[in-house]
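Report on the following structure.
The values are calculated or read from the model by the stated rules, or taken from the named source; none is laboratory data. Just so you know, these numbers come straight off a predicted model, no measurement behind them. A quick note on method: Cβ atoms are made from the backbone with ideal geometry, for glycine too, and the neighbour counts reach across all protein chains shown.
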Amino acid sequence: MRNFLTYLGLFLVAVVAVQLFVLDSIRVSIYFSPLAYIAFVALLPVGMRPVAVLLLGFATGVFIDLFEGTGGAHTVATLLTAYTRRWIMIATMGHETVDEETSMPSIRSLDTGRFMRYAALIVVFHCLAYFTLEALTFANYHLVLMKIAVSGVFTLLAVLAISLLFTVKPNNKRG
């Protein structure tokens with residue numbers, strides 16, 4: 001348990017550091033705003049208790065909001081994403097996998113198609129929540145949709161990269 005908590009803490013620090021010091025420093029366009037920190041919530045172990053997922057999602061959002069000064073938009077979006085995570089997992093991985101799996105969802109533990117669908121839905125949902133909260137209006141929603149599309153693609157690429165860096169292939173024990 002102690003090793004898991006240490007790993008979880010290091011993972012959170014690494015993902016938040018990438019977000020704050022690398023991705024927030026890159027200014028390509030007003031539409032380019034990858035939200036790689038959502039990988040922390042997306043890659044939590046499948047069997048983790050929902051309350052723990054919500055608390056970790058809340059903590060992640062608060063850290064990002066504190067450092068970026070965004071007034072709670074990241075916290076609300078991350079909390080909403082953490083709340084819907086289990087339903088997205090069931091919709092993309094199947095109920096049996098969600099009930100039996102204990103490892104982190106990744107390309108290595110799931111097949112590529114299921115993981116891509118899962119990660120894409122998490123990213124789209126999170127970007128939709130965050131950029132809608134950031135805009136606080138429906139007046140120019142076509143610009144918000146453009147931001148969701150462009151940032152969503154790069155956020156998905158960041159989630160995939162983080163998944164490949166921080167997960168290991170599960171042991172296949174054959175009896």
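Scanning the range 128-159 for residues that are among the hydrophobic types (A, V, I, L, M, F, W, C), closer than 17 Å to Val15 by Cα and surrounded by 15 or more Cβ atoms within 10 Å (Cβ to Cβ) turns up Phe154, Leu156, Ala158, Val159.
Across the range 26-40, what is the total count of residues that are surrounded by fewer than 24 Cβ atoms within 10 Å (Cβ to Cβ) and either of a type in the set (A, V, I, L, M) or modelled with pLDDT of 90 or more (or both)? Selection size over the range 26-40: 4.
Just so you know, in the range 64-83 the residues that are under 20 Å from Ala52 (Cβ atoms) and out of contact with any His (no Cβ under 9 Å at 6 or more places or on another chain) include one that is surrounded by the fewest Cβ atoms within 10 Å (Cβ to Cβ), and it is Tyr83. Among residues of the range 51-80 that are touching a residue at least 40 places away in the same chain (Cβ under 8 Å), those with a beta-carbon under 6 Å from a residue that is of a type in the set (Gly, Ala, Ser) at least six positions away or on a different chain give the pairs His74/Gly61; Ala77/Ala129; Thr78/Gly57; Thr78/Gly61; Leu80/Ala129. Taking the range 51-165 and the helices (runs of 4 or more DSSP H) fully enclosed by it, the elements with 3 or more residues that are hydrophobic (A, V, I, L, M, F, W, C) are at 73-93, 112-135.
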